[in-house]
Amino acid sequence: MKTNQITILAASLILGLSLIIGCLILGNERASGTEKEIEAQIAETETEAKTQDALMEQARSKDKAVMTLQETAQFLNMQEAQVLNIIKAENAFLSNNGVFTGVRLPYFKIDAEFMFAKTAVLAWVQAVTAENRIYSGDRIIK
């Protein structure tokens, strides 16, 4: 009888330890899952912060009267190289023909940086659209 009680006690102890170890394993797995969720939330928050920063920069540039080359390219939904090619095309046309009829992309330079007046750029867009002007690379086709 004593042996039977020792066997039951040992079996109960093994069962209890198994239950405790299983709970610890499951707890660690859940903690790992929670850590992954937290990391995902942090990544999402960082992405949202970057998006908000970009929107704030756009809002600041909307209030500016004068824009940089990069801001002008964003404003016109172009690449900086395309804006520079338009300037090159208009300057080349003026150099080759001596006269440029129509409106040229208005800019001024401070040191080596191109600057653009927002209202003048809007007027240029309207004029170029009315003329149906076509640019190809650094040339004016029409």
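Laid out as a table, the results:
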read-out	value
Looking only at region 110-121, and only at residues there that are without any contact (Cβ under 8 Å) to a residue 40 or more places away in the chain and more than 15 Å from ILE86 (Cβ to Cβ), the one that is surrounded by the most Cβ atoms within 10 Å (Cβ to Cβ)	ILE110
Qualifying positions in region 89-99 - under 18 Å from ALA127 (Cα atoms), in a helix (DSSP H, G or I) and not aromatic (Phe, Trp, Tyr)	ALA89, GLU90, ASN91, LEU94
Tally, over region 107-118, of residues that are within 26 Å of the chain's Cα centre (by Cα) and of a type outside the set (Phe, Trp, Tyr)	4
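No lab work stands behind these numbers, since they all come straight from the coordinates. In this text, all values refer to a predicted model and were calculated from it rather than measured experimentally. Please note: Cβ atoms are built from the backbone with ideal geometry, for glycine as well, and neighbour counts cover all protein chains shown.
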